[in-house]
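Visitor: Pasting a structure here, questions to come.
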Amino acid sequence: MALGFAIGVFGVLILFHAAYSTVQYRGLLKITEEEFSGPPFNVVTELSLGLVLCMWAALTVPGKFLSIHPDSEENRIVSLPANLDFMIFNHRGKVFPVEMDLKLKQ
(Lines give C-alpha, C1' and ligand atoms only; values in the text may rest on other atoms or scores of the structure.)
Protein backbone atom coordinates (compact mmCIF):
# COMPACT_ATOMS: atom_id res chain seq x y z
CA MET A 1 0.00 0.00 0.00
CA ALA A 2 2.88 2.38 0.70
CA LEU A 3 4.25 1.88 -2.81
CA GLY A 4 0.87 2.61 -4.38
CA PHE A 5 0.45 5.73 -2.24
CA ALA A 6 3.94 6.95 -3.20
CA ILE A 7 3.17 6.38 -6.88
CA GLY A 8 -0.07 8.35 -6.47
CA VAL A 9 1.75 11.26 -4.85
CA PHE A 10 4.35 11.15 -7.64
CA GLY A 11 1.53 11.20 -10.22
CA VAL A 12 -0.04 14.26 -8.59
CA LEU A 13 3.35 16.00 -8.56
CA ILE A 14 3.74 15.26 -12.27
CA LEU A 15 0.29 16.75 -12.92
CA PHE A 16 1.20 19.90 -10.97
CA HIS A 17 4.45 20.19 -12.91
CA ALA A 18 2.56 19.87 -16.20
CA ALA A 19 0.16 22.62 -15.12
CA TYR A 20 3.07 24.86 -14.11
CA SER A 21 4.84 24.19 -17.42
CA THR A 22 1.70 25.12 -19.35
CA VAL A 23 1.34 28.41 -17.46
CA GLN A 24 5.02 29.16 -18.00
CA TYR A 25 4.69 28.34 -21.72
CA ARG A 26 1.69 30.65 -22.08
CA GLY A 27 3.64 33.44 -20.35
CA LEU A 28 6.49 32.92 -22.81
CA LEU A 29 4.03 33.13 -25.71
CA LYS A 30 2.66 36.42 -24.36
CA ILE A 31 6.17 37.86 -24.22
CA THR A 32 6.90 36.80 -27.80
CA GLU A 33 3.36 37.88 -28.87
CA GLU A 34 2.48 34.53 -30.39
CA GLU A 35 -0.92 32.86 -30.18
CA PHE A 36 -1.52 29.82 -27.96
CA SER A 37 -2.45 26.86 -30.14
CA GLY A 38 -2.00 24.11 -27.57
CA PRO A 39 0.41 22.80 -24.98
CA PRO A 40 3.79 21.44 -26.06
CA PHE A 41 4.29 17.71 -26.58
CA ASN A 42 6.28 17.23 -23.36
CA VAL A 43 3.38 18.68 -21.31
CA VAL A 44 0.91 16.33 -23.00
CA THR A 45 3.26 13.44 -22.23
CA GLU A 46 3.49 14.52 -18.58
CA LEU A 47 -0.30 14.77 -18.36
CA SER A 48 -0.73 11.28 -19.78
CA LEU A 49 1.87 9.79 -17.46
CA GLY A 50 0.44 11.59 -14.42
CA LEU A 51 -3.07 10.42 -15.29
CA VAL A 52 -1.97 6.80 -15.64
CA LEU A 53 -0.05 6.89 -12.34
CA CYS A 54 -2.93 8.53 -10.45
CA MET A 55 -5.47 6.07 -11.85
CA TRP A 56 -3.25 3.11 -10.98
CA ALA A 57 -2.82 4.41 -7.43
CA ALA A 58 -6.55 5.08 -7.07
CA LEU A 59 -7.32 1.48 -8.02
CA THR A 60 -4.67 -0.18 -5.88
CA VAL A 61 -4.46 1.92 -2.69
CA PRO A 62 -8.06 1.54 -1.37
CA GLY A 63 -7.69 -2.19 -0.93
CA LYS A 64 -9.39 -5.38 -1.97
CA PHE A 65 -12.64 -5.18 -3.92
CA LEU A 66 -15.55 -6.96 -2.26
CA SER A 67 -18.13 -9.05 -4.06
CA ILE A 68 -21.54 -7.51 -4.69
CA HIS A 69 -23.29 -10.70 -5.75
CA PRO A 70 -26.11 -11.57 -3.33
CA ASP A 71 -25.31 -15.28 -3.22
CA SER A 72 -21.59 -14.80 -2.62
CA GLU A 73 -20.04 -16.42 0.44
CA GLU A 74 -18.01 -13.30 1.19
CA ASN A 75 -21.09 -11.17 1.91
CA ARG A 76 -21.86 -10.22 5.45
CA ILE A 77 -25.31 -10.72 6.87
CA VAL A 78 -26.79 -7.32 7.65
CA SER A 79 -29.55 -7.33 10.25
CA LEU A 80 -31.33 -4.83 12.43
CA PRO A 81 -30.48 -4.71 16.10
CA ALA A 82 -32.75 -6.65 18.42
CA ASN A 83 -33.57 -3.52 20.43
CA LEU A 84 -35.44 -1.09 18.16
CA ASP A 85 -35.87 1.52 20.93
CA PHE A 86 -32.83 3.45 19.78
CA MET A 87 -33.91 3.90 16.15
CA ILE A 88 -34.61 7.61 15.73
CA PHE A 89 -36.08 9.01 12.57
CA ASN A 90 -35.46 12.70 13.11
CA HIS A 91 -35.37 14.64 9.86
CA ARG A 92 -36.64 17.84 8.27
CA GLY A 93 -39.80 16.18 7.00
CA LYS A 94 -41.51 16.65 10.36
CA VAL A 95 -42.11 20.37 9.70
CA PHE A 96 -44.55 19.56 6.89
CA PRO A 97 -48.16 18.79 7.76
CA VAL A 98 -49.19 15.15 7.57
CA GLU A 99 -52.12 15.74 5.23
CA MET A 100 -51.56 18.11 2.39
CA ASP A 101 -54.63 18.97 0.33
CA LEU A 102 -52.96 20.43 -2.70
CA LYS A 103 -54.79 20.39 -5.99
CA LEU A 104 -53.21 20.91 -9.35
CA LYS A 105 -54.38 23.93 -11.27
CA GLN A 106 -55.86 23.02 -14.61
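Visitor: Please arrange M1, M55 by accessible surface area, largest first, computed with a 1.4 Å probe and ligands excluded.
Guide: Solvent-accessible surface, decreasing: M1, M55.
Visitor: Using the Karplus curve 6.51 cos²θ - 1.76 cosθ + 1.60 with θ = phi - 60°, what ³J(HN,Hα) values do you get for each residue of the range 49-60, in whole Hz, with x for Gly and Pro?
Guide: With coefficients 6.51, -1.76 and 1.60, one gets 5, x, 5, 5, 5, 5, 5, 4, 5, 5, 8, 9 Hz.
Visitor: So, taking all protein chains as they sit and a 1.4 Å probe, how much accessible area belongs to F36, in Å² rounded to tens?
Guide: 70 Å²
Visitor: Evaluate the distance, in nm, between pseudo-label points positioned 7 Å from the Cα of L13 and of L28 along their respective Cα→Cβ axes.
Guide: Here the modelled spin labels are 2.3 nm apart.
Visitor: With labels modelled as points extended 7 Å from the Cα through the Cβ direction, what inter-label distance (nm, one decimal) is found for T45 paired with S21?
Guide: 0.8 nm
The values are calculated or read from the model by the stated rules, or taken from the named source; none is laboratory data. Not measured: the values here are computed from a predicted model. Cβ: placed from backbone, ideal geometry, glycine included. Neighbour counts: every protein chain shown. Areas reflect the complete protein model, heavy atoms only, side chains present, ligands, DNA and RNA absent. Shrake-Rupley method; radii C 1.70, N 1.55, O 1.52, S 1.80 Å.
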